[in-house]
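Heads up, the thing below is written out as structure tokens.
The values are calculated or read from the model by the stated rules, or taken from the named source; none is laboratory data. Note that the structure is a prediction, hence the values are computed from the model and not measured. So basically every Cβ, Gly included, is an ideal-geometry build from the backbone, and we count neighbours across all protein chains shown.
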Amino acid sequence: LHAHHLLTERDVILAANARRHQRRAHTRRWVYSQQHTDLHQKESWDLAGTRLDDNAIGKELPPVRGAAKRKLLATIHGFYLQALARLPTAELRGRYHRSMLEGGHCYGPLDPVSNIIVNTVWYEQTFPASKQVTVDMISTKCLWRIAARSLYGLFSFLCTRYPGLSPDQALRRLQEAGANLATEAYAAAAAAAFHSSPLAQKEFLGSPDVVSRLKATSEVLHLQDGLMVSAEDLGFLSMVLLKCPSVGESHLQQQVPPAPVKVKKRVYANVRGSRSIFWGQHERVRSMVAAALDKFNETMVGFFLLLPVPKYRLHVICGVNELASGPEFSLDREIRGYNPWTPKTMTNGVVSNKYHHSHINFLATREGSPCAGAPATLFFAECSNHGTGTCWGVPVSPSHPDAGML
């Protein structure tokens, strides 16, 4: 049950493959519509298309190693869901969503979830954003990206600490690494994880007393208890991190705001388009989640008619797949809202792929004092992309990586 209800790396890959095939199909239709007779060669074009798949760049992992990598990636993704569930709503939406996706890696001297929280707070404090943006939804791709980068960091972490390990041995022993690791291992992990300032993080995590200081702070704040971290706890953690040595602090004292960098028009257009796609999805999915959550709260009140039932409110949206229940060929113009690869003008019989539902993962907190301190609950929702059906959502538990992927 849970394997169907939790968006996985496979959902992201399938969605990306579907979009790639759509772009290729649109390109083919455009080629067929041209007047040049030398381009009207369907067999040659199809052959060229198959060669693109056969000659993909990069080395593929052996099946066993690939399965181990996917299992570890699913485990790390679960750590991020737990960290998201434990950060206070206002602070997560307003400040820490950016620092988690950029520098909230899961390696360090504490348990993975606590490491994510500590690294997130440290990154926001050391490299604050020039502009605060409040969001209700975390990018699905960006969340999987930071999970993958943490995996690369952990892999390099372990290989640096134990140089004699083979890649397969490192994958098998990845979760056996302890906290007593050399400073060089932190530097290698930060570099492999594409950290924006690996030297600063190495100095922070590798300083002599940071391990004991962070462990003491973890015990005071009960970071390992699995409860929600309050805004006051985050303030205390920030004060502790201020006293930890870091190259980033000395750099910040002398740092001058960087001058604007001129980019090419194509790069600017891509960034602008990506931003437009994100905010369009943000508004669509937020309205879907609101409808699903309202329906769930009404159902719970009706089920427990004589008992006080705390209502759920949105914490953050953490996974979206808008390409479910399809594809189906259609001429509807509204498809372009959730499927950006749909042609702007659908004339001359050009069709596009229509998907009927969106699958959404989001975290929600319960209102009321009896639930104070409890982490946010993970929900799965299915909503219609065209307003023709109702939205529904139910609480779920993340599937265990050992269960595999369907």
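Summed over segment 124-165, residues that are under 13 Å from the mean Cα position of the chain (by Cα) and outside any helix (DSSP H, G or I) total 3. Restricting attention to segment 349-367 and to residues that are of a type in the set (S, T, N, Q) and more than 24 Å from the chain's Cα centre (by Cα), the residue that is modelled with the highest pLDDT turns out to be N353. Applying the criterion of being at pLDDT 90 or above and in contact with a Phe, Trp or Tyr (Cβ under 7 Å, 6 or more places away or on another chain) to the residues of segment 378-395, the residue that is nearest to L92 (Cα to Cα) is F379. Return a yes/no flag: does segment 95-111 have any residue that is assigned to a helix (DSSP H, G or I) and in contact with a Phe, Trp or Tyr (Cβ under 6 Å, 6 or more places away or on another chain). Yes - at least one qualifying residue is present in segment 95-111. If you filter segment 252-282 down to residues that are in contact with a Ser or Thr (Cβ under 8 Å, 6 or more places away or on another chain) and surrounded by 12 or more Cβ atoms within 10 Å (Cβ to Cβ), you find that the one that is modelled with the highest pLDDT is F278.
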